[in-house]
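Trainee: Input: one structure, supplied below.
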Amino acid sequence: MMKLSIANKLAIGFGIVVLLLAAVAGLSIISLNRSQGLIEELIDLQRVVQATNRSKAALLAERVGIGHYILTGVPGGLEKMDQARETFSEWETLIEERSGEENTKLNEIISAREKYQGQLDDAIFVYENFPDDTSEILRELGEADGFRENNLNPLIDQFYQDELETLQRKAASVKRITNLMILGGTIFGGISIVIALISAFVISRGITRSTSHLSEAADSISRGDLDVPIEVNTGDEMEDLAESIERMRTSLKAAIERLRR
């Protein structure tokens with residue numbers, strides 16, 4: 001049987017604990033990397049969701065600005081319209097940066113937005129060139145309003161709902177990974193502590209028992225009792241010491257028997 005020194009036994013127990021802790025650290029790093037990626041996606045999704053809300057508000061502000069311009073002829077309405085269009089353009093840029101690939105829903109929204117903007121521009125054109133043709137102006141505005149309510153807004157609402165659901169799923173994934181990381185760290189940490197305690201207990205108990213047995217054997221030898229064999233099976237230095245004392249005992253016993261003869 002291969003013998004292991006006490007130091008080797010302690011090293012093995014310590015090594016197992018270190019390996020478990022390294023496994024915890026490795027899993028934590030993997031989980032953190034995954035969480036970081038998900039958090040970055042969450043940030044992008046959050047920006048898109050907020051921008052989508054702003055875009056709907058911009059559509060309304062654009063329509064109000066055009067209505068104010070047509071009713072009053074004050075250019076300030078056109079300034080509000082331009083500001084609203086810039087807000088919507090920022091959303092389009094954000095979507096394109098986030099997507100990175102062709103997206104049917106996005107293309108539908110952008111196409112519908114371009115058509116709606118063209119209808120509003122047509123209404124402005126009619127007003128600026130035929131300001132007395134009220135019926136045509138109202139017709140152009142009515143077509144634009146109907147298209148916004150029946151086509152553009154539903155597309156944006158559906159996109160917003162999809163993005164919001166994705167955001168919620170990603171948030172749930174981050175929470176799940178965090179919980180697993182905490183659970184895994186707790187389990188592996190607990191196992192490491194248990195192994196460390198068991199190793200320390202087993203080794204210390206073996207040393208204590210061996211020391212007690214050797215102490216009793218040495219006491220017996222000091223009293224002249226050489227008939228009790230000394231057996232210690234610990235596989236370490238304590239067993240080597242016991243074998244040395246056992247050889248001493250048998251040598252003394254043999255020497256005493258030779259003297260008696």
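Coordinate-derived values only; no laboratory data. Please read these numbers as outputs of a predicted model, since none were measured by experiment. Using ideal geometry, Cβ is built from the backbone for each residue, glycine included, and neighbour counts are taken over all protein chains shown.
Trainee: In 5 Å bins starting at 0, how do the alpha-carbon pair distances of the range 156-233 split up by percent?
Mentor: 3, 12, 9, 9, 7, 7, 6, 6, 6, 5, 5, 4, 4, 4, 3, 3, 2, 2, 1, 1, 0
Trainee: Using the alpha carbon gyration tensor of the range 12-194, what are the three equivalent-ellipsoid semi-axes (square root of 5 times each eigenvalue), largest first, in whole Å?
Mentor: 56, 13, 11
Trainee: Would you list the P(r) distribution for the range 123-261, with all Cα-Cα distances sorted into 10 Å bins from 0 and each bin expressed as a whole %?
Mentor: With 10 Å bins starting at 0, P(r) equals 9, 15, 11, 9, 8, 7, 7, 6, 6, 6, 6, 5, 3, 1, 0.
Trainee: How many angstrom lie between the C-alpha centres of the range 136-185 and the range 44-93?
Mentor: Going from one Cα centre to the other spans 19 Å.
Trainee: With +1 on each Lys and Arg Cβ and -1 on each Asp and Glu Cβ, how big is the dipole of the range 12-194 about its Cα centre, in debye rounded to the nearest 20?
Mentor: With only Lys, Arg, Asp and Glu charged at Cβ, the dipole is about 1540 debye.
Trainee: If each residue's Cβ is checked for other Cβ atoms within 10 Å, how do Glu40, Glu108 rank with the fewest at the top?
Mentor: With the fewest neighbours first, Glu40, Glu108 line up as Glu40, Glu108.
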